[in-house]
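Student: For reference, the structure I am asking about is given below.
Only the coordinates and a few stated rules stand behind these numbers; no lab work does. What you are looking at is a predicted structure, and each value in this text was computed from that prediction instead of being measured. Every residue, glycine as well, gets a Cβ built from its backbone with ideal geometry; the counts of neighbours run over all protein chains shown.
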Amino acid sequence: MPSVLSLVLAFLPGLALAQSVFIADLTWPEVKQAIASGKTTAIYFAGSTEQNGPHMALGKHNVIAGYLAGRIAEELGNALAYPVLPFAPTGGHLKFPGTVNLSDQTFGAVAQEVAQSAIAAGFKHVVLMGEHGGGQDALRQVAKALDGRGARVHYVADAYSKAQDEIRAYLLTRKLPVGEHAGIEDTSELMFLDREQKWIRRDKLARGDAKSGVDGDPRLASAELGKMFLDIKIAAGVAQIKHRVGKR
Ligand SMILES: [Zn+2]
């Protein structure tokens, strides 16, 4: 008579579907098995630790990048995500306390060595993405330098630039204010993800000025808008990755 345990164990391979897409949640045999069973795309997503005005916490990009990486990996079905890099080139934000600035060189070097680690693990495709504007070109250069050296390495910009164009076009049609930083766009996205209400100071929402670090007007930000904007980013990223990975 088979025990209940042996019956459960017999069905374990089927349970792998429910496994986390985040490499940091897995053991190395689980990562090895996942790659062997078809999860051959690695996602590297860079966030940033930077000021976001008096109303929003410095970890904004890291929370958003982690969410996007997970959702994109789930939608693709054949991908795992590395931990988000929490630092990026942030230039002008550095005068606001808490901000961290990496040179393009350091930022690119980290992306390159994580990508090389992914190739060493056996991934066939490595996707490089960035939530923050600074460093996008460095990611493009790294992909160009590494592509074809043991695996395909892709710079995927659409979840950043194409999605941003789409979000701005939506705001304009609704006659809502378009901003460059900590305005209605990113504030809405973090509101949607801020379930424990840790990261937005609702009493500090104000139109931006030179002193506040805000470019835009977050006062009409909402979780509903944020969900829509995040879905635009996910769709843009998934579409570009499918296009690139399909092309061999
Ligand atoms: Zn940024």
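Student: Test Gln141 against the criterion of being surrounded by fewer than 19 Cβ atoms within 10 Å (Cβ to Cβ), in contact with a helix residue (DSSP H, G or I) (Cβ under 7 Å, 6 or more places away or on another chain) and part of a helix (DSSP H, G or I), and give yes or no.
Tutor: Yes; evaluated as a whole, the condition is true for this residue.
Student: Among the residues of region 121-138 satisfying the criterion of being closer than 15 Å to Gly150 by Cβ and surrounded by fewer than 24 Cβ atoms within 10 Å (Cβ to Cβ), which is nearest to the ligand (Cβ to nearest atom)?
Tutor: His125
Student: Could you look through region 159-186, keep only residues that are of a type in the set (Ser, Thr, Tyr) and within 25 Å of Leu139 (Cβ to Cβ), and pick out the one that is nearest to the ligand (Cβ to nearest atom)?
Tutor: Restricting to residues being of a type in the set (Ser, Thr, Tyr) and within 25 Å of Leu139 (Cβ to Cβ), the top hit is Tyr160.
Student: Filter region 25-75 down to the residues that are under 23 Å from Gly150 (Cβ atoms) and surrounded by fewer than 20 Cβ atoms within 10 Å (Cβ to Cβ) and list them by number.
Tutor: Matches in region 25-75: Leu26, Trp28, Pro29, Glu30, Val31, Lys32, Gln33, Ile35, Ala36, Ser37, Gly38, Thr40.
Student: Another question, if that's okay. Checking Lys95 against (1) farther than 17 Å from Asp158 by Cβ; (2) touching a residue at least 24 places away in the same chain (Cβ under 8 Å), which single condition isn't satisfied?
Tutor: Looking at each condition in turn, Lys95 falls short on (2).
Student: Same structure, new question: Between a residue in region 47-64 that is of a type in the set (Lys, Arg) and any residue that is part of a helix (DSSP H, G or I) and near the ligand (Cβ under 9 Å from one of its atoms), which pairs come within a Cβ distance under 8 Å, given they are 6 or more apart or on different chains?
Tutor: Close Cβ pairs satisfying both conditions: Lys60/Asp186.
Student: Okay, moving on. So, in region 182-199, of the ones that are buried (at least 20 other Cβ atoms within 10 Å of the Cβ) and in contact with a strand residue (DSSP E or B) (Cβ under 8 Å, 6 or more places away or on another chain), which residue ends up nearest to Ile167 (Cα to Cα)?
Tutor: Asp186
Student: Exactly one of (1) surrounded by 15 or more Cβ atoms within 10 Å (Cβ to Cβ); (2) within 17 Å of the chain's Cα centre (by Cα); (3) touching a residue at least 24 places away in the same chain (Cβ under 8 Å) is unmet by Ala151. Its number?
Tutor: Result: Ala151 passes all but (2).
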